[in-house]
Amino acid sequence: MSEEDDHKVEYTTVSIPIPLIMKIKERMKGTGFPSVSSYVTYVLRQVLSSIEEDEHSKEAFTKEEEDKVKQRLRDLGYID
Amino acid sequence: MIQPHGGTLINKVLPKVEKNRILEEIDEFDKISVNSETIIVIKNIAFGVFSPLEGFMHYNNYRYVLEHMYLENNVAWPFPITLDVSEEETKKLKPDDQIILTDSEGNPIALMMIDDIYGYDKKEYTEKTFGTLDRKHPGVDSVFNYKEKLIGGEIFLINEPEMYFPELNLKPIETRVLFKEKGWDSVVAFQTRNPPHIGHEGVQKAALTNADGLFINPVIGKKQKGDFLDEVIIEAYKALIKEYYPKNRVVMSTFETEMRYAGPKEAIYHAIARKNFGCDHIIIGRDHAGVGDFYGPFDAHDIFDHFPDLGIEPIKFRSFSKCSKCDAVVNDKICPHPPEMQNYFAGREIRAALQEGKPPDREVMRPEVAEVILKYKNPFVI
């Protein structure tokens with residue numbers, strides 16, 4: 001059982017080379033991100049999302065499921 | 001076609017053999033009765049409308065979502081999806097228990113595996129979800145009426161609840177197969193709670209111009225007094241589609257969900273659900289899913305900037321109007337003329353005409369649509 005006070009969303013520290021931080025700061029200008037951390041979080045989410053999308057680039061249903069669904073769609077008049 | 005949110009289309013419908021086993025042993029389980037809104041949530045989880053959710057949020061996801069609008073596995077999700085229970089009900093429950101969720105008459109709806117049972121702060125829940133504690137906001141009021149505890153855990157649908165308009169209530173797997181069958185790769189979703197006027201038609205057709213198909217997806221279910229009846233909205237759209245849309249470019253299906261009126265956050269929720277239906281774009285208009293003056297008119301546009309990884313893209317329209325100078329349906333990006341030359345399709349005026357039994361001006365509403373609405377003695381929720 002969990003109680004509210006037992007859990008907090010946790011953060012950790014990641015080390016990034018200083019020259020890269022300088023580049024990130026330059027890149028951040030005018031983006032509206034309040035901190036390097038929020039910008040890096042944004043970039044990492046984009047990268048991970050793209051990787052995960054590639055990993056999951058398969059159909060969401062099997063051929064058997066598809067045939068069954070098509071019959072129902074025909075019955076409902078959605079397809080001929 | 002776009003992948004489901006989180007990568008997998010969730011199916012939490014109990015297979016027949018397992019279902020029969022559970023039903024044979026039904027007396028052995030503890031049971032909790034849930035209301036009709038919760039049954040709709042269960043159905044949406046089970047059929048993958050809420051992918052990647054597999055049940056009601058456990059504590060960690062509840063906190064992550066409140067704090068970050070992301071699940072703990074780093075998938076965007078705008079507000080908690082929770083199951084509230086009374087202190088009394090929790091006395092018989094503990095983590096790892098399997099329980100049956102029933103409707104108000106005791107009919108089994110779903111099996112739930114309890115992950116955790118936790119306390120929560122209603123003020124924090126409402127403020128972080130709706131941005132206000134004002135109980136005039138229907139979403140806030142709803143949370144303040146929740147029971148004292150929340151329980152998290154996976155669900156498995158036992159019996160499919162009765163659906164409104166079953167012939168129009170497609171599940172994500174069905175819309176995905178349908179879009180594939182039609183050869184649509186790019187599909188734009190339109191969410192609505194009203195019969196269509198000319199402005200809606202303009203928005204939809206402008207968006208469809210750059211997509212393969214249009215998915216008209218009216219929200220049906222619990223409504224507020226004065227809202228259009230569900231059947232009026234559906235029949236009005238059928239008339240519009242029949243007379244004015246290319247048949248092979250439009251699909252209409254209903255979306256059963258409770259309106260939380262969370263404004264911008266609800267826009268993200270609507271987008272995720274439509275992504276799971278197979279849409280890669282969603283039209284977001286002015287004050288999407290807002291109520292009263294709780295949100296700015298374009299807050300639901302701006303929030304998408306914080307979700308670059310959402311997958312589904314918003315098509316943002318600030319306003320549509322009939323310009324007397326252009327003599328055309330326009331929007332603010334393409335028309336240079338001042339507001340006094342624009343007719344903004346005011347909902348209030350349309351309602352007033354319909355309440356008097358008169359069709360609105362044909363520049364505001366198609367006569368075929370008005371005719372359908374006027375067939376109803378009272379087209380509004382009383």
| task | Output the residues belonging to region B:39-63 that are of a type in the set (Phe, Trp, Tyr), touching a strand residue (DSSP E or B) at 6+ places or on another chain (Cβ under 6 Å) and over 19 Å from B:Asn276 (Cα atoms). | result | B:Tyr59
| request: Please work out which residue is farthest from the other protein chains (Cβ to nearest Cβ), limiting yourself to region B:133-185 and to residues that are among the hydroxyl-bearing types (Ser, Thr, Tyr) and under 18 Å from B:Ala273 (Cβ atoms). | output: B:Tyr164
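Pick out the one residue from B:Val251, B:Val232 that is more than 16 Å from the chain's Cα centre (by Cα), in a helix (DSSP H, G or I) and among the β-branched types (Val, Ile, Thr). Break it down into steps so the answer makes sense when it comes.
Values: B:Val251 fails: in a helix (DSSP H, G or I).
Step by step, each of B:Val251, B:Val232 is checked, and only B:Val232 is more than 16 Å from the chain's Cα centre (by Cα), in a helix (DSSP H, G or I) and among the β-branched types (Val, Ile, Thr).
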| Residue ID - surrounded by the most Cβ atoms within 10 Å (Cβ to Cβ), chosen from residues in region B:201-222 that are under 28 Å from B:Phe380 (Cα atoms) and in contact (Cβ under 8 Å) with a residue 60 or more places away in the chain | B:Phe215
| query | B:Pro379 fails exactly one of the following numbered conditions: (1) more than 23 Å from the chain's Cα centre (by Cα); (2) in contact (Cβ under 8 Å) with a residue 40 or more places away in the chain; (3) within 21 Å of B:Pro218 (Cβ to Cβ). What is the number of that condition? | reply | (1)
| query | Taking B:Tyr118 and the conditions (1) in contact with a His (Cβ under 9 Å, 6 or more places away or on another chain); (2) closer than 20 Å to B:Glu37 by Cβ, which numbered condition does it fall short on, given that it satisfies the others? | reply | (2)
| remark: Those residues of region B:167-210 which are within 24 Å of B:Ala300 (Cα to Cα) and among the β-branched types (Val, Ile, Thr) amount to B:Val187, B:Val188, B:Thr192, B:Ile198, B:Val203, B:Thr209
| note | If we ask which residues in region B:338-376 are more than 18 Å from B:Tyr245 (Cα to Cα) and either out of contact with any Lys or Arg (no Cβ under 6 Å at 6 or more places or on another chain) or β-branched (Val, Ile, Thr) (or both), their number turns out to be 26
| request: Go through the residues of region B:336-359 one by one and say whether even a single one is at pLDDT 90 or above, in the same structural domain as B:Leu178 (by TED's automatic domain parsing), basic (Lys, Arg) and buried (at least 18 other Cβ atoms within 10 Å of the Cβ). | output: no
| said: I'd like to check something: does region B:208-218 contain any residue that is of a type in the set (A, V, I, L, M, F, W, C), at pLDDT 95 or above and assigned to a helix (DSSP H, G or I)? | reply: yes
| task | Would you mind finding the one in B:Thr129, B:Thr192, B:Thr175 that is outside the structural domain of B:Val291 (by TED's automatic domain parsing), touching a helix residue (DSSP H, G or I) at 6+ places or on another chain (Cβ under 9 Å) and within 25 Å of B:Glu313 (Cβ to Cβ)? | result | B:Thr129
| Conditions (1) at pLDDT below 95; (2) buried (at least 23 other Cβ atoms within 10 Å of the Cβ); (3) not in a helix (DSSP H, G or I): number failed by B:Val188 | (1)
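When you go through B:Lys180, B:Lys128 one by one, which is the residue that is surrounded by fewer than 20 Cβ atoms within 10 Å (Cβ to Cβ) and touching a Leu at 6+ places or on another chain (Cβ under 8 Å)?
Working: B:Lys180 fails: touching a Leu at 6+ places or on another chain (Cβ under 8 Å).
Being surrounded by fewer than 20 Cβ atoms within 10 Å (Cβ to Cβ) and touching a Leu at 6+ places or on another chain (Cβ under 8 Å) holds for just one of B:Lys180, B:Lys128, which is B:Lys128.
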| Subset of region B:107-126 [free of Cβ contacts under 8 Å to residues at least 40 places away in the same chain, part of a helix (DSSP H, G or I) and touching a helix residue (DSSP H, G or I) at 6+ places or on another chain (Cβ under 6 Å)] | B:Lys122, B:Thr126
| message | Out of the helices (runs of 4 or more DSSP H) lying entirely within region B:1-106, which hold 2 or more residues that are at negative phi and free of Cβ contacts under 8 Å to residues at least 12 places away in the same chain? | response | B:16-24, B:59-68
| task | Just give me the residues in region B:68-105 being away from chain A (no Cβ under 14 Å), surrounded by fewer than 20 Cβ atoms within 10 Å (Cβ to Cβ) and out of contact with any strand residue (DSSP E or B) (no Cβ under 7 Å at 6 or more places or on another chain), in sequence order. | result | B:Ser86, B:Glu88, B:Glu105
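The values are calculated or read from the model by the stated rules, or taken from the named source; none is laboratory data. Bear in mind the structure is a predicted one, so any value in this text is a computation, not a measurement. Counting neighbours? That spans all protein chains shown, and the Cβs are built from the backbone with ideal geometry, glycine included.
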